[in-house]
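Below: the structure, in structure tokens.
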Amino acid sequence: MKIGIPRSLFYYKHPRLWVTFFEALDQEVVLSPPTNRTLLEAAVRYGEDESCLAVKLVFGHVSYLLDKCDAIFAPAYYGLQPGRYSCPKFLGVPDISKSVFRKEVRFLRCEVDDGQFEPGMQQLARSFSRDQQKIERAIQHALDSRAEYKHKLHQEYRQQLASEKPKILVIGHSYVLHDAYANLNLLAKLKDRGMEAITIDTVPPVPHECFLRWDFAYETMGQLQEVLDKDIAGAIILSNFNCGVDAITVSFIEYEVEQHDIPCMHLIFDEHTGEAGIITRVDTFVDTVRMRRRA
Amino acid sequence: VKERIFTMPHCGNYWIPFKGAAEQLGLQFVVPPPITNETIALGSRYSPEGICLPFKVIIGNYLQTLDQGVNTIVFYTNTQAGSKTHGGGGGGMCRFRHYGHLQQLVMKKIGADVDFYVLGEGPSVIQQVKDMTGRGTWQIIRTLRVAIKKLRLIEIMEELSCRYHAVEKHRGATKKALKKGLNVLENTTNFGELKRFDPESVFAHIETAEREPLRIGVVGEFYLLVEPTSNCHIYEMLGELGAEVHKHLSLSEAILRYPPSFVLGKLMAWWVNMRIPPRSETVKIAEPYLTCSVAGHGRESVADTIRFFREGYDGVLHLLPMGCMPEVTVRPILRKISEDYNFPVLSLSFDELINEGAIRTRIETFVDVIRLRKERGEGRHELPGG
């Protein structure tokens with residue numbers, strides 16, 4: 001079977017996991033290309049106008065995959081950690097696709113609750129194979145690749161910390177940080193200006209108590225505890241316009257960053273692709289950081 | 001010990017039972033001044049930009065009470081009820097759950113010296129009220145009984161006023177009657193008296209015209225449904241245009257659907273003598289369109305739109321604050337339902353910049369359209385797509 005995976009949302013959180021899983025089960029995986037002009041236009045067309053850009057983009061990517069595969073994979077992430085939960089807009093994607101594209105779209109679901117991947121994967125895998133051993137192997141393989149990816153990120157983090165350049169912490173959902181087209185190449189822009197951009201998802205998580213219930217918010221607050229004590233020159237928060245989660249968490253993140261006396265900038269993205277505004281703001285921010293370091 | 005002066009944010013006419021309960025428990029209680037554009041502007045100035053409208057209005061409420069010496073704020077968000085798979089306001093994925101914490105942060109940043117009691121965040125609401133007031137369980141339950149009964153009577157009166165408003169002969173008669181009725185309730189503290197109170201009698205004297213009103217169901221986000229200033233007094237507009245309105249949620253319904261605890265839920269249902277559709281039924285009705293909970297009352301909005309259609313309503317209004325996570329998610333689905341059933345659904349989202357004129361134009365057009373459809377007897381499909 002040909003399985004389409006939209007390169008958006010959860011893909012950026014677990015880029016290897018699902019591809020490895022399906023390939024280990026001998027299924028063909030079709031991955032939508034990185035966001036581009038055409039996909040963005042489709043996103044604007046099919047997405048609900050008050051959704052955030054990321055949720056609109058899912059529909060752009062799904063529209064690309066519609067006639068290129070037999071089923072589209074959209075996991076239901078109820079919660080990636082015990083007692084936490086993800087954004088409700090993600091859960092509705094399959095149901096809403098039916099309403100938006102006006103036809104039966106076959107979706108593969110895999111429910112992940114309290115960070116437990118295995119039960120859902122077991123169930124999903126059984127629709128492809130009866131061979132229990134093969135299923136076990138595929139699951140193991142997939143989870144390994146996820147761990148490996150995490151390990152790679154943490155390694156990157158340690159390397160970046162050792163760097164001489166001024167370090168800028170970039171905070172945001174992984175699907176905002178790594179969708180270069182949607183965030184107007186922000187990471188590259190920082191690099192071009194001689195900054196070391198540390199993305200928050202590379203920071204090893206710290207277990208902690210927090211009232212924030214969203215996966216992203218909870219994890220970020222922990223990571224901040226780890227990273228803010230290090231030599232960080234500035235922090236940039238990226239969010240999408242009308243992101244419901246960020247409307248609340250950004251206030252707390254900003255508060256936390258300000259407590260450490262680190263300059264902080266909040267950039268909000270939507271489907272506009274003009275870069276002039278962003279360049280001005282990044283330039284100013286980089287200047288501020290440099291001046292503070294000299295002083 | 002500093003003297004505590006309490007307040008609670010506005011939410012429609014529900015300040016009446018809250019105030020009554022606070023006074024019965026011997027608390028000093030300040031009702032925030034009525035919500036105006038100024039309140040909303042004030043709240044928006046200090047709230048995070050992307051947060052939903054109710055939050056901004058609530059912050060505005062608080063700020064306007066500060067000069068009356070308020071130093072303690074009571075807020076209710078039910079984090080025990082609802083869950084990831086069921087939705088519900090406080091317990092699920094909706095932002096409402098974090099309202100309490102964010103309010104505290106915002107007030108702290110402003111520099112206001114206020115304490116918060118966020119009821120429903122701890123394991124037991126009764127225990128929290130005990131800590132807050134220093135009263136015994138029995139007295140709290142008795143007070144609660146009066147408050148819940150009052151709350152329900154207010155809801156029934158509001159519901160009736162919508163019906164009378166659409167057919168009244170003399171404009172304004174219903175509004176006057178409702179005000180009078182609310183006044184009576186405000187001054188009653190006795191459960192027996194409340195039990196004998198007949199909401200119908202409040203409107204009995206109103207002369208009605210011989211015309212059949214249009215019937216419009218309203219679904220959507222809870223606060224927008226019950227707070228008329230946040231929705232530009234949409235029910236009054238509709239009433240003047242000869243349409244009666246039926247909301248899919250009221251506070252007692254919202255509480256009963258996701259009660260703070262099993263026992264309290266049962267008690268409340270008994271006091272107000274009211275049955276709500278079981279959750280399994282809602283899930284079943286929504287299933288062809290939505291198979292999972294999208295937090296808040298998203299699934300209820302989908303199911304109730306279909307319910308309104310089946311009960312022969314002429315149209316549905318969907319109200320939401322801009323960016324509301326659950327309601328934005330279900331909006332494409334409501335659009336599809338509207339097409340499938342050939343049933344008018346108008347979705348309106350509100351933020352702090354909305355003006356009444358724009359809403360009025362859209363409402364008038366909507367009412368014209370459904371009236372025309374009704375006169376022409378335009379087809380109602382019995383089956384989706386059929």
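The values are calculated or read from the model by the stated rules, or taken from the named source; none is laboratory data. Since the model is a prediction, treat every value here as computed from it, not as a measurement. We place every Cβ from the backbone using ideal geometry, glycine too, and count neighbours over all the protein chains shown. All accessible areas refer to the heavy atoms of the entire protein, side chains included, with ligands and DNA or RNA removed. Shrake-Rupley method; radii C 1.70, N 1.55, O 1.52, S 1.80 Å.
Per-residue Karplus couplings for region A:118-127, computed as 6.51 cos²θ - 1.76 cosθ + 1.60 with θ equal to phi - 60°, are listed in order as 4, x, x, 5, 3, 4, 5, 5, 5, 7 Hz, Gly and Pro entered as x. Here the dipole of region A:229-268 is about 180 debye; that uses its Cα centre as origin and unit charges on the Cβ of Lys and Arg (positive) and Asp and Glu (negative).
Here's how it looks for B:Phe116: its modeled amide H is under 5 Å from those of B:Ile73, which are all 5 or more places away or on a different chain.
Using heavy atoms of the protein chains and a probe of 1.4 Å, the accessible area assigned to A:His154 is about 40 Å².
Ligands, DNA and RNA excluded, the heavy atoms of A:Met195 present near 0 Å² of accessible surface to a 1.4 Å solvent probe. In vacuum, with every alpha carbon of the protein assembly as shown counted as one equal point scatterer, what does the Debye formula give for log10 I(q)/I(0) at q = 0.05, 0.12 Å⁻¹? Two decimals, please. Relative scattering, expressed as log10 I(q)/I(0), comes to -0.26, -1.39. The rule of thumb for compact globular proteins, 2.2 N^0.38 Å, goes into the C-alpha radius of gyration of region A:1-57 1.27 times.
Rank these residues by their accessible area, most exposed first, probe 1.4 Å: B:Lys336, B:Lys179, A:Lys13.
Working: B:Lys336 40, B:Lys179 150, A:Lys13 70 Å².
Reading off the accessible areas and sorting them downward yields B:Lys179, A:Lys13, B:Lys336.
Residues whose amide H lies under 5 Å from that of B:Asn13, counting only those 5 or more places away or on a different chain, are absent; hydrogens are built 1.01 Å from N in the peptide plane. Distant-in-sequence amide contacts of A:Gly4, defined by a placed amide H-H separation under 5 Å and a gap of 5 or more residues or a different chain, comprise A:Val30, A:Asp70, A:Ala71, A:Ile72, A:Phe73.
Isolated cysteines of the protein assembly as shown, defined as having no other cysteine beta carbon under 4.7 Å away, are A:Cys69, A:Cys87, A:Cys110, A:Cys210, A:Cys264, B:Cys11, B:Cys52, B:Cys94, B:Cys162, B:Cys232, B:Cys292, B:Cys324.
Note on A:Cys52: accessible area is roughly 10 Å² with a 1.4 Å probe, heavy atoms of protein only.
Counting every Cα pair in chain A, what percent are over 36 Å apart? Show your work: numbers first, answer last.
Details: 7626 of 43365 pairs.
Looking at chain A, the distances longer than 36 Å represent 18 percent of pairs.
Checking the cross-link filter: which lysines have an alpha carbon closer than 30 Å to that of A:Lys152, excluding same-chain neighbours under 8 positions apart? Here the lysines satisfying the reach criterion relative to A:Lys152 are A:Lys2, A:Lys13, A:Lys56, A:Lys89, A:Lys134, A:Lys165, A:Lys167, A:Lys189, A:Lys191, A:Lys230. For region A:1-131, what class follows from the C-alpha gyration tensor (a ≥ b ≥ c being the square roots of its eigenvalues): rounded when a/c is under 1.5, otherwise prolate if a/b is larger than b/c, else oblate? In terms of gyration-tensor shape, oblate. Per-residue 3J(HN,Hα) values for region A:87-93, derived from phi via the Karplus relation 6.51 cos²θ - 1.76 cosθ + 1.60 with θ = phi - 60°, read 7, x, 5, 5, 5, x, 3 Hz in sequence order (x marks Gly and Pro). Each principal axis of region B:189-290 carries a Cα extent, and these read 45, 44, 26 Å when sorted largest first. About its Cα centre, chain B has a charge dipole of approximately 820 debye under the convention of +1 per Lys or Arg Cβ and -1 per Asp or Glu Cβ, with nothing else charged.
Compared with the dominant principal axis of the Cα atoms in chain B, helix B:53-65 is inclined by about 40°. Just so you know, the Cα atoms of region A:143-295 work out to an Rg and Dmax of 15.0, 47 Å. Across q = 0.19, 0.26 Å⁻¹, region A:83-164 modelled as identical point scatterers on its alpha-carbon atoms has Debye log10 I(q)/I(0) values of -1.00, -1.17, in the order of the q list.
Once the C-beta distance of B:Met274 and B:Trp138 is scaled by a Förster radius of 22 Å, the resulting FRET efficiency is 0.40 to the nearest 0.05. How much of the pair distance distribution for chain B lies past 35 Å, counting alpha-carbon pairs only, in percent? In whole percent, the share of Cα-Cα pairs in chain B beyond 35 Å is 25.
With the simple spin-label model, which puts each label point 7 Å out from Cα in the Cβ direction, the B:Glu210 to B:Lys374 separation comes to 1.8 nm.
If eta is 1.002 mPa s and T is 20 °C, what Stokes-Einstein diffusion coefficient results for region A:26-77, Kirkwood Rh from Cα pairs, in µm²/s? Spell out each step's value before the answer.
On the way: Rh = 11.6 Å.
It diffuses with D of about 184 µm²/s by this estimate.
Give the calculated FRET efficiency between B:Arg171 and B:Asp198 to the nearest 0.05, with a Förster radius of 25 Å applied to their Cβ-Cβ distance. After rounding to 0.05, the efficiency reads 0.50. Computed over protein heavy atoms with a 1.4 angstrom probe, the accessible surface ordering of A:Phe90, B:Phe262, B:Phe343, largest first, is B:Phe262, A:Phe90, B:Phe343.
Here each label is just a point 7 Å from Cα along the line to Cβ, and for A:Asp70 and A:Gln140 those points are 2.7 nm apart.
Stokes-Einstein, applied to the Kirkwood radius of region B:156-247 over Cα pairs at a viscosity of 0.692 mPa s and 37 °C, places its translational diffusion at 235 µm² s⁻¹.
Only lysines eight or more places from B:Lys109 in sequence, or on another chain, were considered; those with a Cα closer than 23 Å are B:Lys2, B:Lys56. What the Cα atoms of region B:292-380 give is an Rg and a Dmax of 13.7, 39 Å.
B:Gln28 to B:Asn190: extension gain in nm, 0.36 nm per residue of separation minus the Cα-Cα distance?
My answer for the length gained is 56.3 nm.
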